[in-house]
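Any read-out appearing in this document is the output of simple, stated calculations on the displayed coordinates, not a laboratory observation. From a predicted model like this one, the values you see are computed outputs, not experimental measurements. Methodologically, a virtual Cβ is constructed for each residue, glycine included, from the backbone with ideal geometry; neighbour enumeration extends over all protein chains shown.
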Amino acid sequence: MKDFGGKVAAITGAGSGIGRALAVDLARRGCHLALSDVNETGLAETVGQCEGRGIKVTSRRLDVADRAAFEAWAEEVVAEHGTVNLIFNNAGVALGASIEGMSYEDFEWLMNIDFWGVVHGTKAFLPHLKASGDGHVVNISSVFGLFSVPSQSAYNSAKFAVRGFTDALRMELEIEGAPVSATTIHPGGIRTNIARDARMDESAAAFGDGGSGEDMAAEFEKVLRTSPEKAARQILKAVQRNRRRALIGPDAKALDLISRLPATVYQNAIIRGAKLRRS
């Protein structure tokens, strides 16, 4: 897909951050939009930023963990737009907790959104993307889908799963010669609200990650260098180049190299850093 003009893109988590930036960038390129988010206020703000560009913009409140709602939204998008070419499975949440201290409810909450939300979006939209004759699935993983860190076991689990799921999907599509491709996105530190809105369990303090989502966001913001707008441009370039995976931001590229070191090397470095923060 070299050109987004006249195409139809569905985006989850469009109420802020990367999702909003993708919507605005695509709108400027003449792409019609079907936007969703659980945050109706943020979603409405995004719609307002995209309208008035000669494109059709539709929106719906959507909990990506709700499979039936996702399937209904996919049908609704095709009914309203006539077709759909792209699905950006972008919605996500964060959780800081130790494996021992984390509740099953919090673990399931994160997995239902960060992993199952991607599965729901892919399966709900894939038949429609094939029918369009020119489709692309874009699934958002993370640098935490490349290597693991303490207190992020749930997030690591979801983002590694997204990576494996999308890699398998890409190969299946190529084997069958489908008119659809798939790309896994690994953002590094992007200036979004995900850390600020994270659930934080007191057990994370044992690994130097104590405090609230606000505290974690304050720490992250010291090193965040990539804006959502820049991330969106890089993601769309990866789609145009039909990349299998895309590392978003210079820190993502650096961390990808670190993840290729022997496990003992990079894990011992993380352990030493966590002990220093803890002390």
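Per-residue extension of 0.36 nm, minus the Cα-Cα distance of ILE270 and ALA178, leaves a gain of 28.9 nm for this segment.
Any chance you could give the angle, 0 to 90 degrees and rounded to 10, that helix 67-81 forms with the longest Cα principal axis of the chain? It works out to around 40 degrees. Computed from Cα atoms alone, the Kirkwood hydrodynamic radius reported for the chain is 19.0 Å. Multiplying the residue separation of TRP109 and GLN234 by 0.36 nm and subtracting their alpha-carbon distance yields 42.1 nm.
Just how large is the dipole of the chain about the Cα centre, in debye to the nearest 20, putting +1 at every Lys and Arg Cβ and -1 at every Asp and Glu Cβ?
Details: 33 positive and 33 negative charges, 280 e Å.
In debye, rounded to 20, the chain gives about 1340.
Using a simple spin-label model with pseudo-atoms 7 Å out from Cα toward Cβ, ASP256 and ARG29 lie 1.9 nm apart. Over 32 Å apart at the Cα level, from the set LYS230/LYS275; LYS7/LYS159; LYS159/LYS230, are LYS230/LYS275.
The calculated pair-distance distribution of region 17-105 uses every alpha carbon pair, bins of 10 angstrom beginning at 0, and gives 15, 45, 26, 10, 4, 0 percent.
Database remark: amide H of ALA182 closer than 5 angstrom to the amide H of VAL137 (H placed geometrically; neighbours at sequence offset of 5 or more, or on other chains; Pro and chain starts carry no H).
Compute a Gaussian network model of the chain, connecting alpha carbons closer than 10 Å, and tell me which residue from LEU255, LEU26, LEU247 fluctuates the most. Most flexible of the set in this elastic network: LEU255.
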